[in-house]
Structure formats: C-alpha cells, structure tokens
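Chemist: Starting off with a structure, shown below.
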Amino acid sequence: MNFRTFFEKLNDAENKSSVENAYSHIIDYVFDVILDKNVFSLIDTSTWNKGADGRIVPKNIISTPDFVITDRNYKFNDNTSNAYGCIEVKYADKDVKQSLRLCDDGDSKGYLHHYQNVLYTNGWIWIYYDRKTTPKWTINFRKNQTNKEFGRLLYELCSIEWKNLKEND
C-alpha cells in the first residue's frame, strides 16, 4: 500500500462508513505488507468470545482485541501457539488515545498482561505500547500527513520485536 492509497482509504473509512470495522480492513492490509508471513500470522479476533482459544484470547482478558499476532502455523485451539501482540482498532481519535484496556481491572487482565506488544489505532493515530502503560511511540496523521511520516509508520511497525516474549504471571 502506498502513501496516497493509505490516505484515500482512511478518508473513505471516515467519510463513507463511519464504523470501526472500516478501519480494520486498512490495518489488516498494512500488516499484510509489514509482517513476516514466514514467521507470524495476523488473526482477526474481533468477533471471538473471551476464552474462545485460551492461548490467544484468554477467558480472564478485559476484552477481546480486534487482532492478535501469533505464530505462522497457528491452528485454532491447538494450545501450542504464542500470542506476541494485539491490535485494538477504534473509530474515534479519543478512543485510540484513552487506551482503556491496557491495565488489569479487578479479576480481568489488561492487554499488557497477556500481550507484550499492544497497538491502539484507527489508522489516523497509532499508539504502540511495549510492556509499559506509557507509549513507546505515537504517530498522528491528523497532524502530519506526509510521505515521510508514512515511511516512519512502516519503519516503526517493522521494528517491533514481536517474539521478544515476556513472562506472564
């Protein structure tokens, strides 16, 4: 996906669809370009129930993320795959910035408990968390819609060390 197509699709999602799922297609396409398909799979978990596959979307998770990055050879419910990260897609900019599902809430475990790499995005704003509640990086295309910033997004996404697993409690 090139710079121009990326922004055309973002504008279409915002102006013609006005639903979160319209952005999900763009996110999926970006990850199809940047993710090493020989090593990883991007799984759409947006309609899964909690615990549908305990290794990927555990029962005690605060909410089911929209996408999970897992092993290339992932098979549903095989209990051998790892979840390396998740992506939460939101429609509104304010919901991307709030990132309410990062931390534990009572018995429910936040995304950072189960996934060491967490992205909140709507395509316009990208916020990446690396094991901490403070973002490691943020890219805001509302403020900077340049080819250079688009290149920075692709660079940052390609630089994520998905397999750098943390120890879970």
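Chemist: Report the equivalent ellipsoid semi-axes for the chain in whole Å, largest first, defined as the square roots of five times the eigenvalues of the gyration tensor built from alpha carbon atoms.
Modeler: So the equivalent ellipsoid measures 25, 17, 16 Å along its semi-axes.
Chemist: Here's another thing I want to ask about it. What spacing in nm lies between the two simple spin-label points modelled at ASN38 and ASP93, each 7 Å away from Cα in the Cβ direction?
Modeler: 4.1 nm
Chemist: Let me ask something additional. Using only Cα atoms and rounding to the nearest 10 degrees, what angle (0 to 90) does helix 147-159 make with the longest principal axis of the chain?
Modeler: 10 degrees
Chemist: Within segment 108-123, find all residues whose amide N lies under 12 Å from a label point positioned 7 Å from the Cα of ASN60 along Cα-to-beta-carbon.
Modeler: 108-110, 113-114
Chemist: Further question: Would you calculate, for the chain, the mean residue ellipticity at 222 nm contributed by helices, counting each DSSP H stretch of 4 or more residues as -39,500 (n - 2.57) and dividing by all residues, to the nearest 500?
Modeler: Result for the chain: -8000 deg cm²/dmol, rounded to the nearest 500.
Chemist: Only four residue types carry charge here, +1 at the Cβ of Lys and Arg and -1 at the Cβ of Asp and Glu. Report the dipole size of segment 29-78 about the Cα centre in Debye, rounded to the nearest 20.
Modeler: 180 debye
Chemist: Please state the charge dipole magnitude for segment 49-137, taken about the Cα centre, from unit charges on C-beta atoms (+1 on K and R, -1 on D and E), reported in debye and rounded to the nearest 20.
Modeler: Numbers: 13 positive and 11 negative charges, 24 e Å.
The calculation lands at about 120 debye.
Chemist: Want the number for ASN164 to PHE76: 0.36 nm per residue separation, take away the alpha-carbon distance, what's left?
Modeler: Contour length minus the Cα-Cα distance gives 29.4 nm.
Chemist: Run the simple label-point estimate for GLU149 and CYS103 please: 7 Å along Cα→C-beta, distance reported in nm.
Modeler: Output for this residue pair reads 2.9 nm.
Chemist: With +1 on each Lys and Arg Cβ and -1 on each Asp and Glu Cβ, how big is the dipole of the chain about its Cα centre, in debye rounded to the nearest 20? Can you show the working numbers first?
Modeler: Values: 23 positive and 24 negative charges, 69 e Å.
Magnitude of the dipole: close to 340 debye.
Chemist: Could you tell me how many degrees, from 0 to 90 and to the nearest 10, lie between the Cα long axis of helix 3-12 and the main elongation axis, the longest principal axis, of the Cα atoms of the chain?
Modeler: Tilt relative to the chain: about 80 degrees.
Chemist: Continuing with this model, one more query. Quick one: which residues, 5 or more positions from THR64 or on another chain, have an amide H under 5 Å from its amide H? H modelled 1.01 Å from N in the peptide plane, none for Pro or chain starts.
Modeler: When sequence neighbours closer than 5 places are left aside, there are no close amide H contacts.
Chemist: So what's the angle, to the nearest 10 degrees on a 0 to 90 scale, between helix 20-34 and the longest Cα principal axis of the chain?
Modeler: With both axes taken from Cα atoms, the answer is about 90 degrees.
Readers should treat all values here as calculations from the given coordinates under stated rules, not as data from a laboratory. Since the structure is predicted, the reported quantities are computational estimates derived from the model, not experimental observations. With ideal geometry, Cβ positions are generated from the backbone for all residues, glycine too; neighbour counts draw on all protein chains shown.
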